[in-house]
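A.B. asks: Pasting in a structure now, in C-alpha cells, and then I'll have a few things to ask.
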Amino acid sequence: MSEELEVLVFGSAIIDFICYTPRLPKAGETLHGHKFQTGYGGKGANQCVAAARQGSRTAMVAKLGGDTFGSDYLRQLREENVNVSHVHQVAGQSTGIAQIAVSDGGENNIIIVVGANNELDANDVFLAKELFSEAKVLVCQLETPIAATLQALRCFKGVSIVNAAPAMEQTPPELLQLSSIFCVNESEAAIMTGVGSVSSINEASKACKRLIEMGANTVILTLGPLGAVWGGKEAPGKFQHVAAPQVSNVVDTTGAGDAFIGALAHNLARFPERSLNAHIAAACAVASQSVQLPGTQSSFPRA
C-alpha cells in the first residue's frame with residue numbers, strides 16, 4: 001500500500017435482505033410489507049465501510065461464499081476503497097445473509113445465517129500479518145468464530161475495539177481484557193452483565209462498571225438517541241455521558257451502531273491527540289446522520 005493503513009477490520013460480511021413494513025410482526029403473524037431491497041451488511045464490513053467513508057485508509061480480513069453474492073460483495077468493497085487482499089471467497093460455502101424487517105417507525109429485527117463467515121480462523125491472522133503490523137486501529141465483532149477474534153486481538157499491538165455483538169451471555173474474560181475499548185449497546189450490555197435492562201444513563205453507568213469489573217479496560221455503552229456513556233478502569237467509578245445530536249426524522253436505525261464504530265475507529269486512528277470524549281461525540285454525530293436514510297451501508301455518510 002502506498003499510504004499507511006489506518007483501520008483494519010477482522011470480521012463479518014453479510015448480504016442483507018430487507019423488508020419494510022408498517023410495524024414489526026408478532027410471533028406467528030404474517031404482515032404485508034411495502035418495500036423490499038437487498039444491501040451489503042455484516043457488522044465487520046459495515047464498520048469498515050463506515051470508516052472508509054469518513055476518510056480512513058482501511059483493510060478487511062473476511063470470508064465470503066463462493067457464490068455470486070460473494071463476488072458482488074468483493075466488488076462492492078473495492079468500490080468503497082477497502083483493501084481486500086485478505087478477503088477470500090470459500091468454495092462450497094454460501095455468503096452470509098441477514099433477514100431484516102424494518103418498521104415505519106425505524107425499529108428493526110434481524111436474523112442472520114453466517115455461512116462462510118464461520119470459516120474465518122486464527123490462521124487468517126497470520127496470513128494477514130503485514131496488515132496487523134501496519135494498522136493503527138483494529139476492529140472486531142462477534143459474528144465470526146471467537147477463537148479467531150481472540151487470536152487477532154493477541155497479535156495486534158495498537159488500539160483495538162471489540163464491538164460485542166451479537167452479545168454473549170458467558171463472555172470470555174480474555175475478550176474483555178485484550179481489547180483496548182469494549183463497545184456494546186443497551187441490550188448487549190444487559191445480556192452480558194445479567195442486569196434486567198439498560199435504558200437510562202444511570203443504568204448504563206452501572207453496566208459499564210460491571211463490565212470493567214469483569215475485566216474490560218475501557219467501556220463505551222451506546223444508548224441510541226441518548227448518545228453514549230463511557231468509563232475506564234484507570235478511573236473506577238467515574239463515567240461520562242456524551243450526548244447525541246437530536247434527530248426528528250428517523251427513517252431506519254439498521255446499521256447505526258456500525259456507523260458509530262466505524263467513525264470511532266476513524267477518529268482514533270486519524271486524530272490520536274484528541275480526547276475519547278471528542279471521538280465518541282464525533283461517532284454519535286455520524287450515527288445520527290445514518291438513521292435519517294434507509295438501508296445499512298447505503299445510509300453511512302461521507303466526510
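The values are calculated or read from the model by the stated rules, or taken from the named source; none is laboratory data. Keep in mind that this is a model prediction, so the values were computed, not measured. Don't worry about glycine lacking a Cβ; one is built from the backbone with ideal geometry, like all the others, and counts go over all protein chains shown. Accessible surface is based on the protein model in full, side chains and every heavy atom, while ligands, DNA and RNA are left aside. Shrake-Rupley method; radii C 1.70, N 1.55, O 1.52, S 1.80 Å.
A.B. asks: Using only protein heavy atoms and a 1.4 Å probe, report how much of residue 68 is accessible, in Å² to the nearest 10.
C.D. replies: It works out to around 100 Å².
A.B. asks: Would you mind telling me the antiparallel percentage of the DSSP bridges in the chain, rounded to 5? It would help to have the intermediate numbers written out before the result.
C.D. replies: Details: 21 of 56 bridges.
Among the beta bridges of the chain, antiparallel pairing accounts for roughly 40 percent.
A.B. asks: Return the label of the correct value of log10 I(q)/I(0) by the Debye sum over Cα atoms at q = 0.06, 0.09, 0.16 Å⁻¹, as calculated from the structure shown, out of (i) -0.21, -0.47, -1.38; (ii) -0.21, -0.46, -1.26; (iii) -0.17, -0.40, -1.36.
C.D. replies: Matching entry in (i) -0.21, -0.47, -1.38; (ii) -0.21, -0.46, -1.26; (iii) -0.17, -0.40, -1.36: (iii).
A.B. asks: Still on this structure: With only alpha-carbon pairs counted, each pair once and no self-pairs, how large is the Kirkwood hydrodynamic radius of region 108-227 in angstroms? Don't skip to the end; give the middle numbers.
C.D. replies: Working: mean 1/r = 0.0664 Å⁻¹.
Averaging 1/r across every pair of different Cα atoms and inverting gives 15.1 Å.
A.B. asks: What length, rounded to one decimal in nm, is gained on full extension from residue 197 through to residue 3, with 0.36 nm per residue of separation minus their alpha-carbon distance?
C.D. replies: Working: separation 194, 0.36 × 194 = 69.84 nm, distance 4.44 nm.
The span from residue 197 to residue 3 would gain 65.4 nm if fully extended.
A.B. asks: Okay, moving on. To the nearest 10 square angstrom, what accessible area does residue 253 show with a 1.4 Å probe?
C.D. replies: Per-residue accessible area (residue 253): approximately 40 Å².
A.B. asks: Residues of region 248-303: accessible area per residue at 1.4 Å, in Å²?
C.D. replies: On the way: 2070 Å² over 56 residues.
Result: 37 Å² of accessible area for each residue.
A.B. asks: Could I ask something else about it? At 1.4 Å probe size, with the rest of the protein present, what percent of the exposed accessible area of the chain is carbon and sulfur atoms?
C.D. replies: Values: 6730 of 12810 Å².
Percent of accessible area from carbon and sulfur atoms in the chain: 53.
A.B. asks: Follow-up. Loop only by DSSP, 10 or fewer other Cβ within 10 Å of the Cβ. Give me the GluC sites (Glu not before Pro) in region 1-63 that pass, ordered by residue number. Show your work: numbers first, answer last.
C.D. replies: Values: sites: 3, 4, 6, 29; in loops: 3, 4, 6, 29.
Within region 1-63, the qualifying GluC sites (Glu not before Pro) (loop, at most 10 other Cβ atoms within 10 Å) are 3, 4, 29.
A.B. asks: How much length is gained on full extension from residue 85 to residue 238, taking 0.36 nm per residue of separation minus their Cα-Cα distance? Before the final figure, lay out each step's value.
C.D. replies: Details: separation 153, 0.36 × 153 = 55.08 nm, distance 4.19 nm.
The residue 85-residue 238 span can extend by a further 50.9 nm.
A.B. asks: Could you tell me the ratio Rg/Rh of region 157-274? Both radii from Cα atoms, Rh via Kirkwood.
C.D. replies: Working: Rg = 13.8 Å, Rh = 14.6 Å.
Using only Cα positions, Rg/Rh for region 157-274 is 0.95.
A.B. asks: With every protein chain present, what accessible area does residue 113 have (1.4 Å probe, heavy atoms only), rounded to the nearest 10 Å²?
C.D. replies: That residue has around 80 Å² of solvent-accessible surface.
A.B. asks: In a Gaussian network model over the chain where Cα atoms closer than 10 Å are linked, find which of 72, 16, 258 has the largest mean-square fluctuation.
C.D. replies: Ranking 72, 16, 258 by mean-square fluctuation puts 72 first.
A.B. asks: A further question follows. Using R₀ = 30 Å, calculate the FRET efficiency as 1/(1 + (r/R₀)^6) where r is the Cβ-Cβ separation of residue 293 and residue 27; round to 0.05. Please list the in-between numbers first.
C.D. replies: On the way: r = 30 Å, r/R0 = 1.00.
Efficiency at R0 = 30 Å is approximately 0.50.
A.B. asks: Which FRET efficiency value, to the nearest 0.05, is calculated for residue 168 and residue 123 with the Förster distance at 22 angstrom and r the Cβ-Cβ distance? Working shown, then result.
C.D. replies: Details: r = 23 Å, r/R0 = 1.04.
For residue 168 and residue 123, the calculated efficiency is 0.45.
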